[in-house]
Amino acid sequence: MRSRQSPKSFHVLRVRAPATTANLGPGFDCAAVALDLWNELEVRSGNEEPDLDHVGVRAFARLAGLEGRRFAWTSRIPRARGLGSSAAVIALGLVAAALLEHGRLDAAELFAEGLELEGHGDNLAAALLGGVCLTWGTELVRVADRPPAVPIAVIPEATVSTAASRAALPSTVTHADAVFTAGRATLLGAALAGGSAELFAEAIADRLHEPYRAESAPLLGAVRDSLPARALGATLSGSGPVVVVWAREEDAASCEAELTARFPSERVLRLGVTTFGAGPAPS
C-alpha cells in the first residue's frame, strides 16, 4: 500500500462497475464480457473506521488515503455466483480513488493495481473497459463492443467459492485436451473480433476447466441437456455456478422463455452487454 497525502476536499462521489462473465468456454482466465448489471460505490467526506477486510476498501487504499472518507456500497451483482462481483468491487475502489486523487482514469494502470488483489485479470479487464476483453499476463485489450450472441444467465441459489472451484482443477492436462482447447480458444478470438455467431457456437467448447468443475456446478450439465434448440451453446460463467446460455438476438426471447419454463427453481435473466466500464455513475 502506498503512502498518500491528506485527502482532497470533496463532498460526494458515486461510481459504478459492471458484472462480467468470464472464460466463454476455452478462454480460461483471459476472456470476459461486461454485462449491464451494476454495483455502485458512494464515497463521502466524513470520518469512520475503514473496513480493511473489504477488498474494495483495500483497492481504494492502493491509490488514495482513507482518512476523512466514508464508503457506502450498493451490490446488485449476485455474490459467489461467477458474475464477477469481486472484480466489480475492486474496480469500484480503484476508480473512485483514481478520480479523487488524479481526476482521471488510466485502465492499464488500474488493471495492474487490481491484479495485485484479484490474481487473475479476465473479469477485472471487462469491468474496467466494458465490452469484450482479452487479457494476457498484465496486458489487456478490448477486442469488440459486443459478442456475437446474447447472454442469458441461469442463476441458482447455490454459491461456489472461487478458491474451491480452482482447487478442483488438475495441475496437468492431456496433450489432446490442450490441443482441443487451444484450437477453440483461437477460434473464439476470431469469432469475437469478427462478430460471427456461427464461429462463436463452435468456439465455446472447453476441456481445460469446465469438466473439472462439474461437481461444484451441476447446473451446467443440466442446462446443456435441456438446451433450447435455437441456442448456440452454454458456458460456465467464471467459476460458476451460474450458466450462461448464448443465443442470436432474434432467438434470445424464445430461449429465455424456454429456460424459464425448464428451470423454475432458478432465476433466468437475459442480460444486456455494456460498452461502458467502471466510471462515474450517471446522475
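Suppose we filter segment 125-143 for residues that are without any contact (Cβ under 8 Å) to a residue 40 or more places away in the chain and either buried (at least 24 other Cβ atoms within 10 Å of the Cβ) or touching a strand residue (DSSP E or B) at 6+ places or on another chain (Cβ under 8 Å) (or both); how many remain?
So in segment 125-143, the residues without any contact (Cβ under 8 Å) to a residue 40 or more places away in the chain come out as 137-142.
Still in the running and either buried (at least 24 other Cβ atoms within 10 Å of the Cβ) or touching a strand residue (DSSP E or B) at 6+ places or on another chain (Cβ under 8 Å) (or both): 140-142.
Residues flagged as without any contact (Cβ under 8 Å) to a residue 40 or more places away in the chain and either buried (at least 24 other Cβ atoms within 10 Å of the Cβ) or touching a strand residue (DSSP E or B) at 6+ places or on another chain (Cβ under 8 Å) (or both) within segment 125-143 amount to 3.
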Problem set entry | segment 18-44, subset in contact with a strand residue (DSSP E or B) (Cβ under 7 Å, 6 or more places away or on another chain) and more than 20 Å from residue 275 (Cα to Cα), residue surrounded by the most Cβ atoms within 10 Å (Cβ to Cβ) | 25
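State the number of residues belonging to segment 14-65 that are of a type in the set (S, T, N, Q), within 18 Å of the chain's Cα centre (by Cα) and within 19 Å of residue 99 (Cβ to Cβ).
Counting residues in segment 14-65 that are of a type in the set (S, T, N, Q), within 18 Å of the chain's Cα centre (by Cα) and within 19 Å of residue 99 (Cβ to Cβ) gives 1.
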Exercise. Residues in segment 163-176: is at least one modelled with pLDDT of 95 or more, surrounded by fewer than 16 Cβ atoms within 10 Å (Cβ to Cβ) and part of a helix (DSSP H, G or I)?
Worked result: yes
Seminar exercise, completed: When segment 110-124 is checked residue by residue, the ones that are under 23 Å from residue 43 (Cβ atoms) and surrounded by 14 or more Cβ atoms within 10 Å (Cβ to Cβ) are 110, 111, 112, 113, 114, 115, 117, 118, 123, 124
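Does segment 221-235 contain any residue that is under 29 Å from residue 91 (Cβ atoms) and in contact with a His (Cβ under 9 Å, 6 or more places away or on another chain)?
Within segment 221-235, none of the residues are under 29 Å from residue 91 (Cβ atoms) and in contact with a His (Cβ under 9 Å, 6 or more places away or on another chain).
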Exercise. Hey, does segment 76-87 have a residue that's surrounded by 22 or more Cβ atoms within 10 Å (Cβ to Cβ), within 17 Å of residue 11 (Cα to Cα) and at pLDDT 95 or above?
Worked result: no
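Evaluate the following for residue 61: is it surrounded by fewer than 24 Cβ atoms within 10 Å (Cβ to Cβ), touching a helix residue (DSSP H, G or I) at 6+ places or on another chain (Cβ under 8 Å) and among the aliphatic types (A, V, I, L, M)?
Details: surrounded by fewer than 24 Cβ atoms within 10 Å (Cβ to Cβ): yes; touching a helix residue (DSSP H, G or I) at 6+ places or on another chain (Cβ under 8 Å): yes; among the aliphatic types (A, V, I, L, M): yes.
Judged against the criteria, residue 61 is a match.
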Problem set entry | Matching residues, segment 235-258, being in contact (Cβ under 8 Å) with a residue 40 or more places away in the chain and among the small types (Gly, Ala, Ser) | 237, 238, 239, 240, 247, 252
For this session: Give 105, 94 a once-over and let me know the one that is assigned by TED's automatic domain parsing to the domain that holds residue 38, at pLDDT 95 or above and not basic (Lys, Arg).
Result: 94
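The values are calculated or read from the model by the stated rules, or taken from the named source; none is laboratory data. It should be emphasised that the depicted structure is a prediction, and the values quoted were computed from it without experimental measurement. Please note: Cβ atoms are built from the backbone with ideal geometry, for glycine as well, and neighbour counts cover all protein chains shown.
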